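Encoded as structure tokens, the structure appears first; notes follow it.
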Amino acid sequence: MSKNIIEYWDPGHGVDTAGKCSPDRSLLEYKKARELVKDIVAKRRAMGYDARILVPEETDVPLSERCRRVNETCNKVGKDKVIVISVHCNAAGSDGKWKTAGGWCVYTSPGQTKADILATDIWNAANECLKPYIDRFPILKEQGAYDKKQVPIRADWSDGDPDYEARFYILMHTQCPAVLTESLFQDNKADVDFLLSPEGHKAIVDLHVAGVEKYVTSI
Ligand SMILES: [Zn+2]
């Protein structure tokens, strides 16, 4: 049991990042990410872990500075003793209109690393914790909230695991295992309703807490 893993929880974007919000501005990505990370870190700390908020600032701290903070700790304690989870909400467009894409997914950098194990643990937890969202999805799809090809928990099985792969800066430039979660779409009305509900917020918090718990207790 690895209680000595340092967890960096990265709230995506900042108050000054343009365009990262729902069309009606009821959900602001930087704010939602901070609320999620605050609650996740509180739960992880209560469980006895060294969980840290990577960006306590409200502003959009540059990705290079976010990575510098992580790598400084990696250099101190060893990169196998640190993980990063960057928390975001997805978007299908940037024209300020509601869309019909929806769902949850997780990203790693290309190739197989420990981050793929971490991503799979969080993905499995998402399938458990997002039950209320998953159960409602077909009905909402029927009502037109989601287009035909949408699924509640997205996966890319092309390389044998469920995470998507992308060369996102935070994933490429941190030395330790790093994943980036996209918790539902900020430009889908049904997704935003779920994210803003107490039940939805708790489900997103819980899937991160449970997924990381699985990882740190099994490596
Ligand atoms: Zn984002």
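With the cut-off at 1.5 for a/c, could you classify the stretch 1-63 from its C-alpha gyration tensor as rounded, prolate or oblate?
prolate
Would you mind checking the radius of gyration and Dmax of the stretch 143-219 based on alpha-carbon positions, in Å?
Cα-based Rg and Dmax for the stretch 143-219 come out at 14.9, 45 Å.
Rg(Cα) of the stretch 174-219 divided by 2.2 N^0.38 Å?
Rg over 2.2 N^0.38 Å, computed on Cα atoms: 1.41.
Treating only the Cβ of Lys, Arg, Asp and Glu as charged (+1, +1, -1, -1), what charge dipole size does the chain show about its Cα centre? Round to the nearest 20 debye.
320
Accessible surface of Lys99 in the full protein assembly, 1.4 angstrom probe, to the nearest 10 Å²?
The accessible area comes out at roughly 60 Å².
Any idea which of Asn90, Ser183, Thr59 is furthest toward the positive side of the dipole for the chain, if Lys and Arg beta-carbons carry +1 and Asp and Glu beta-carbons -1?
The one lying farthest along the dipole's positive direction is Thr59.
DSSP loop trypsin sites (Lys or Arg not before Pro) in the stretch 124-219 with at most 11 other Cβ atoms within 10 Å of their Cβ, which ones?
Qualifying residues, ordered by number: Lys148, Lys149, Arg167.
As a check on your grasp of the helix formula, calculate [θ] at 222 nm for the chain: sum -39500 (n - 2.57) over DSSP H runs of n ≥ 4, divide by the residue count, round to the nearest 500.
-13500 deg cm²/dmol
Helix 131-142: angle to the longest alpha-carbon principal axis of the chain, degrees 0 to 90, nearest 10?
For helix 131-142, the angle is close to 30 degrees.
Taking the alpha carbon gyration tensor of the stretch 74-182, what are the square roots of 5 times its eigenvalues, largest first, to the nearest whole Å?
Square roots of five times the eigenvalues give 29, 15, 12 Å.
Rounded to the nearest 20 Debye, what is the dipole magnitude of the stretch 124-167 about its Cα centre when Lys and Arg each give +1 and Asp and Glu each give -1 at the C-beta?
280
When the distances between all Cα atoms of the stretch 29-138 are binned every 10 Å from zero, what whole-number percent does each bin get?
In whole percents, the pair-distance histogram is 11, 34, 40, 13, 2.
For each pair in Lys32/Lys99; Lys81/Lys149; Lys43/Lys79; Lys20/Lys202; Lys31/Lys99; Lys38/Lys79, compute the distance between the two Cα atoms and list the pairs where it is over 31 Å.
Beyond 31 Å: Lys81/Lys149.
Given N residues in the chain, what is Rg(Cα) / (2.2 N^0.38 Å)?
In units of the globular-protein estimate, the chain measures up at 0.96.
The values are calculated or read from the model by the stated rules, or taken from the named source; none is laboratory data. Model, not experiment: these values are computed from the prediction. Heads up, the Cβs are rebuilt from the backbone with ideal geometry, glycines too, and the neighbour counts pull from every protein chain shown. Note: accessible area is taken over every heavy atom of the protein model, side chains too, but ligands, DNA and RNA are not part of it. Shrake-Rupley method; radii C 1.70, N 1.55, O 1.52, S 1.80 Å.
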